[in-house]
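Notes follow the structure.
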Amino acid sequence: MRDLVIIGAGPAGLSAGIYGKRAGLDTLIIEESGIGGGQVLTTYDVDNYPGLPGISGMELGTKMYEHAMAEGVDLMEASVTGLQIADKVKKIITSTETIEAKAVIIATGAVHNHLGIPGEEELGGMGVSYCATCDGAFFKKRVTAVIGGGDVALEDAIFLARACSKVYLIHRRDEFRGAKKLADIAKTTENIEIIYDSVPDSIEGTDTVERLNIHNVKTNATETLDVDGVFIAVGTHPVTEYLKGVVDMDEKGYIRADETCKTNVPGVYAAGDVRTKALRQIVTAAADGACAVTSATEYINSL
Ligand code: NAP
């Protein structure tokens, strides 16, 4: 039996791994993709992680992963399909085997929301994308649209504008949710055209994306934009489907836990984007990993 099993190898899970090993715990991280780093790997520039200004998401995620490996954390590639955690011995059921542990940290993060409009699924991978840093290179000197008004949409538009001939940034309000610094860059980038108060209705194209139909939510005026790609950045939702009925969650599926990361189940902790919190950032995810291990260590010592 392991002391500590961590599910997910994003910043929260990797930080928990580092702290777990340093606390002397036999620590295993289970990660579906087999690669450590999580969502950070697809972020172009991470400009707000203290001490590392301008580091790319890929480099930061890789550094965190390498740090955890250097501490001697074990990483297993498997997807977790269920948990039996009511008893003292926690059972983590994976696609390959069932693992037992004294304590469990859930750090499965969040995934992209979809819009649910016609053409979105049909043209997925054929011009519809949820990751500008992954797919942006395919749209060199072409016209793209980014949907959303948060940090990710702003970052995506700025990133794409470096290669695309034109980027439409389409936001449903007239004020951005994302950081003012990013909004200012987007507003002053020549080949970014911001379309406020508008939402997409459908994406069209025969084999690949050709058009995006939008309408203005204030005037109801419709418009068709000729685009080669549509990047959707309308937020994320937590990866907790496999935990329904196992731990307490809020109505959106975030695991209820405060900064101690304690869930309603003794010996089970939630860290990073997956838990209820006010600010979802790399730095708060990494902090959660440390806090969760502190709580888990106290619990293990009390057994
Ligand atoms: P977000 O902050 O939740 O923003 C989602 C955006 O999509 C909002 O502007 C929202 O509009 C819009 N939206 C949502 N549903 C929509 C729909 N159905 N149709 C049209 N627009 C829709 O999500 P995010 O940008 O993915 O960021 C997620 C988290 O990661 C945030 O906490 C963010 O701060 C963080 N993040 C941080 C960094 C960084 O610090 N470097 C980088 C990236 C992300 P409204 O504004 O009207 O709600």
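The values are calculated or read from the model by the stated rules, or taken from the named source; none is laboratory data. Quick caveat: nothing in here was measured; it's all calculated off a predicted structure. No Cβ is skipped: glycine too gets one built from the backbone with ideal geometry, and neighbour counts run over all protein chains shown. We work out accessible area using only protein heavy atoms, side chains counted, and drop any ligands, DNA or RNA first. Shrake-Rupley method; radii C 1.70, N 1.55, O 1.52, S 1.80 Å.
Using a cut-off of 32 Å between Cα atoms, the listed pairs LYS21/LYS88; LYS166/LYS277; LYS63/LYS181; LYS181/LYS244; LYS180/LYS252; LYS187/LYS262 include LYS166/LYS277; LYS181/LYS244; LYS187/LYS262 as exceeding that distance.
A 1.4 Å probe run over the protein chains yields, for segment 128-232, 50 Å² of accessible area per residue, whole-number rounding. For the chain, averaging the sequence separation of C-alpha pairs within contact (under 8 Å, six or more residues apart) and dividing by the residue count gives a relative contact order of 20 percent. Restricting the GluC sites (Glu not before Pro) of segment 1-86 to loop positions (DSSP other than H, G, I, E, B) with no more than 15 neighbouring Cβ atoms within 10 Å leaves GLU71. Solvent-accessible area of the chain (1.4 angstrom probe, protein heavy atoms only): carbon and sulfur portion equals 50 percent. Let me see the P(r) profile for the chain: every Cα-Cα distance counted, bins of 20 Å, each bin given as a percent of all pairs. Going from the shortest bin to the longest, the percentages are 33, 50, 16, 0.
Neighbours of VAL80, meaning other residues whose beta-carbon lies under 14 angstrom from its beta-carbon, give a summed charge of -2 when Lys and Arg score +1 and Asp and Glu score -1.
Of the residues ARG142, ARG275, ARG211, ranked by 1.4 Å probe accessible area with the largest first, the sequence reads ARG142, ARG211, ARG275.
What's the FRET efficiency of MET1 with ARG256 using the Cβ-Cβ distance as r and R₀ = 30 Å, to the nearest 0.05? Working from the Cβ atoms, E equals 0.65. Computed from backbone phi with θ = phi - 60° and the Karplus coefficients 6.51, -1.76 and 1.60, the 3J(HN,Hα) list for segment 263-270 is 8, 6, 9, x, x, 10, 10, 10 Hz; x is used for glycine and proline.
Determine the gain in length on full extension of the stretch CYS134-HIS215; use 0.36 nm per residue of separation and subtract their C-alpha separation, reporting nm with one decimal. All intermediate terms of the calculation are to be shown ahead of the outcome.
Values: separation 81, 0.36 × 81 = 29.16 nm, distance 2.81 nm.
Result for the pair: 26.4 nm of gain on full extension.
Ignoring solvent entirely, what values of log10 I(q)/I(0) come out of the Debye formula for segment 128-232 at 0.15 Å⁻¹ when each Cα is a single scatterer? Debye curve over Cα of segment 128-232, log10 I(q)/I(0) at q = 0.15 Å⁻¹: -0.54.
R0 = 45 Å: FRET efficiency of GLU298 with LYS181, Cβ-based, nearest 0.05? Given R0 = 45 Å and the Cβ-Cβ separation, E is 0.70. Each residue of segment 31-46 was assigned a 3J(HN,Hα) from its phi angle through the Karplus expression (A = 6.51, B = -1.76, C = 1.60, θ = phi - 60°), giving 9, 4, 7, x, 10, x, x, x, 4, 4, 4, 9, 8, 5, 10, 9 Hz with x at Gly and Pro.
Spread over its residues, the convex hull of the C-alpha atoms of segment 125-178 is 69 Å³ per residue. Restricting the calculation to Cα atoms, segment 68-144 shows an Rg/Rh of 1.17 when the hydrodynamic-style radius is the Kirkwood one.
On full extension, the segment bounded by THR81 and GLU66 gains 2.8 nm, given 0.36 nm per residue less the C-alpha separation. I'd like to verify something in the chain: which complete DSSP H helices, judged by Cα projection on the helix axis, reach 24 Å or more and average at least 0.5 on the Kyte-Doolittle scale? Sorted by number, the helices that extend far enough and score high enough are 282-301.
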